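Working notes, beginning with the structure itself.
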Amino acid sequence: MIKKLLIICFAFLAIASQVYSQCTPNTTITTAGIYPDSATGLSSGVVGLPYTQVIQARVPDDTVVSINGLPPTNITIANITVTSVSGLPPGLTYSTTPANGVFPGNSNGCMLISGTPTTAGVYFVNVILTTNATFLGFPISQVDTLDYYSITINTTSGLNGLQASKFEIKSLSPNPASNFTDFEFTAPRSGLYTLRLYNILGKEVLNRSVRASEGLNKQRIDIGDKASGVYVLSIENGNSVLTKRLVVSK
């Protein structure tokens, strides 16, 4: 009897855990898209502290496309499926609502990223999506990669976190940029800071130390030799890493 009760208790805890790890679709969103968008990005986290981030999606019923040079034609979307998610920080996992990751056309869905991060750094998240639709009466599918998200995991917590709150990015302008961009940030103390630039594949394409004074600082970043695309700029003070999305457009 005791063994059966234990089995029932463990089963209940497992089910409760699965329910807790689900997100709730925001049905007030009626405009097709994914939220937060690429400009807003995902929230940062701290090693050893619980992290949660919800990504909301609104799938349209149909859309207009041009395939193989044909005139723009209406296609009916059956569903968009989350095929896989890679690049999450260690300690974080994802779940979707609906649980199978299939978001029907003309519906709302969501994805929850949660857990307790274990390793600091900047992580580039790739979400593989498969769109299943009907074109001129024939079923078609298309695979796309959502590759503009990143998650920054910091090492700072407790009292150090209060100090790190003074460490922030003020602006990155122009953005989009073609030849240079001016980077403004505030520093909690004087010293050497590390400035890095990553391309969309997560490859570091710039790394330099900058000497900052306490308060507002400004750095001009030359991107004349960088190809068009989406980049992530990071600034590190030894305790925290801040990031900002930069678009290079030639």
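The values are calculated or read from the model by the stated rules, or taken from the named source; none is laboratory data. As the structure is a prediction and not an experimental result, all values here were calculated from the model. With ideal geometry, Cβ positions are generated from the backbone for all residues, glycine too; neighbour counts draw on all protein chains shown.
Only residues that are surrounded by 14 or more Cβ atoms within 10 Å (Cβ to Cβ) and in a strand (DSSP E or B) were counted in region 36-61, giving 10. Residue under question is LEU233, and the condition is that it be in a strand (DSSP E or B), modelled with pLDDT under 90 and in contact with a strand residue (DSSP E or B) (Cβ under 6 Å, 6 or more places away or on another chain); does it hold? No. Reported count of residues in region 89-109, each being surrounded by fewer than 18 Cβ atoms within 10 Å (Cβ to Cβ) and either among the aliphatic types (A, V, I, L, M) or outside any strand (DSSP E or B) (or both), is 7. Restricting attention to region 217-250, the residues that are among the hydrophobic types (A, V, I, L, M, F, W, C) and farther than 23 Å from SER43 by Cα add up to 3.
Listed by first and then second residue, the pairs with beta-carbon distance under 8 Å, at least 6 apart or on different chains, first residue in region 202-216 and more than 25 Å from SER86 (Cα to Cα) and assigned by TED's automatic domain parsing to the domain that holds GLU236, second of a type in the set (Ser, Thr, Tyr) and not in a strand (DSSP E or B), are ARG211/SER190; ALA212/SER190; SER213/SER190; GLU214/SER190.
Determine if region 180-189 includes at least one residue that is in the same structural domain as LEU233 (by TED's automatic domain parsing), assigned to a loop (DSSP other than H, G, I, E, B) and among the β-branched types (Val, Ile, Thr). Quick ask: steps written out before the conclusion?
Just the residues of region 180-189 that are in the same structural domain as LEU233 (by TED's automatic domain parsing), to begin with: 180-189.
Checking the rest, the ones that are also assigned to a loop (DSSP other than H, G, I, E, B) come to 188-189.
Those left that are additionally among the β-branched types (Val, Ile, Thr): none.
The answer is no, given that none of the residues of region 180-189 is in the same structural domain as LEU233 (by TED's automatic domain parsing), assigned to a loop (DSSP other than H, G, I, E, B) and among the β-branched types (Val, Ile, Thr).
Do we find that LEU192 is in a loop (DSSP other than H, G, I, E, B) and exposed (fewer than 12 other Cβ atoms within 10 Å of the Cβ) in this structure? Talk me through it step by step, then tell me what you get.
Values: in a loop (DSSP other than H, G, I, E, B): no; exposed (fewer than 12 other Cβ atoms within 10 Å of the Cβ): yes.
It is false that LEU192 is in a loop (DSSP other than H, G, I, E, B) and exposed (fewer than 12 other Cβ atoms within 10 Å of the Cβ).
Restricting attention to region 209-228, the residues being surrounded by fewer than 15 Cβ atoms within 10 Å (Cβ to Cβ) and either part of a loop (DSSP other than H, G, I, E, B) or under 25 Å from the mean Cα position of the chain (by Cα) (or both) number 6.
For region 26-54, taking the residues that are among the aliphatic types (A, V, I, L, M) and touching a residue at least 60 places away in the same chain (Cβ under 8 Å), the one that is farthest from ILE153 (Cα to Cα) is identified as ILE29.
Test LEU146 against the criterion of being in a loop (DSSP other than H, G, I, E, B) and either of a type in the set (Val, Ile, Thr) or within 30 Å of THR83 (Cα to Cα) (or both), and give yes or no.
Working: in a loop (DSSP other than H, G, I, E, B): no; either of a type in the set (Val, Ile, Thr) or within 30 Å of THR83 (Cα to Cα) (or both): yes.
No.
Have a look at GLY229, GLY238 and point out the one that is under 18 Å from PHE124 (Cβ atoms) and not assigned by TED's automatic domain parsing to the domain that holds TYR51.
On the way: GLY238 fails: under 18 Å from PHE124 (Cβ atoms).
Sole residue among the options that is under 18 Å from PHE124 (Cβ atoms) and not assigned by TED's automatic domain parsing to the domain that holds TYR51: GLY229.
Kindly indicate which of VAL59, VAL54, VAL19 is modelled with pLDDT of 80 or more and over 24 Å from VAL232 (Cα atoms). Answer to the check: VAL59.
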